[in-house]
Amino acid sequence: MKYLDPKADLTFKRVFGEHPDLVISFLNAMLPFDKDEEIKEIKYLPTELVPHNPLRKDSIVDVRCIDARGRQFLVEMQMIWSKEFMSRVLFNSSKAYVRQLDKNERYDLLQPVYSLNIVNEIFESDLKEYYHYYSIVNLEHTDRVIDGLHLVFIELPKFTPHTYNDKKMQVLWLRYLTEIGNDTNDVPQDLISNSEIKKAVDVIEESAFTPAQLEGYDHFWDVIRTEKTLMHAYETRGMSRGMEKGRQEGRQEGRQEGRQEGRQEGLKQGRQAT
């Protein structure tokens, strides 16, 4: 059996955007919920949060849903990290939060928004943890929280089965995202022993997709490879320019220091001669 990578746009949306039971399991595993806070049922919502702007890419999330309590959940798979991504996540979450109310409704009816962002790159290189949870807290009394926006970022490359906490389903879902790819023919038995993971595995069987969908899937990976290549080229070019600028500034500084030392030495010798 051949499988597709679940991190791709096509497969991620197929798994979590078309199967409510799977996105419920995924969210409960990934979000910082106590048992009594876990999601029981969800309804999918439109994913586009801002009007179309031809000058920039639409602010689209992969999956957006709401539970019976009115809490909203935004789920996004990000293949390439950029420093603007975190600002976009905050923007999308804030937009979802304020759109809950019409002009005549009360603020006390607002429900929390949770944004879960799976990132396929390392962006916190100086931190060892793969799981990053942001909320609005009192800096002096961190147990005091404004329950409005909750942002979770997961760095997939940092995850290994030996660096997890005691949430079993979190480990299984992260293994699902990191251990299954384009070259996978056999899925580990301990993954498919879980009924929810097995269903998610079955959803990404290559045979479940049309030729046109598979062509789009291949195109997605071509775009990712191209973008990574361009980013690497820009970074390399920027480093080269920075080094060259540093060398030029160093040479200029050296010449200035040499001239200054020469003038001082000349004055000293002149005074000695007189």
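Which pairs, out of K35/K198; K7/K43; K7/K103, put more than 28 Å between their alpha-carbon atoms?
Violating the 28 Å limit, Cα to Cα: K7/K103.
Under unit Cβ charges (Lys, Arg +1; Asp, Glu -1), what dipole magnitude, rounded to 20 debye, does the range 22-181 have relative to its Cα centre?
That gives a dipole near 360 debye.
For the range 133-186, what is the convex hull volume of its Cα atoms per residue in Å³?
So the per-residue hull volume is 127 Å³.
Taking the Cα atoms of the range 73-117 alone, what are Rg (to one decimal) and Dmax (as a whole number) in Å?
According to the Cα coordinates of the range 73-117, Rg and Dmax are 12.8, 41 Å.
Quote the convex hull volume per residue of the range 1-136, based on C-alpha atoms, as a whole number of Å³.
159
For the range 131-170, which whole percent of the accessible surface, found with a 1.4 angstrom probe, sits on carbon and sulfur atoms?
Ligands and nucleic acids excluded, carbon and sulfur give 56 percent.
With the cut-off at 22 Å, report for the range 101-214 the share of all Cα pairs above it, as a whole percent.
Taking all Cα-Cα pairs of the range 101-214, the fraction more than 22 Å apart is 55 percent.
The values are calculated or read from the model by the stated rules, or taken from the named source; none is laboratory data. Keep in mind that what you see is a predicted model, and the values were worked out from it rather than measured. Cβ sites come from the backbone with ideal geometry, for glycine too, and all protein chains shown count toward neighbours. Heads up: the accessible areas ignore ligands, DNA and RNA and are worked out on the full protein's heavy atoms, side chains in. Shrake-Rupley method; radii C 1.70, N 1.55, O 1.52, S 1.80 Å.
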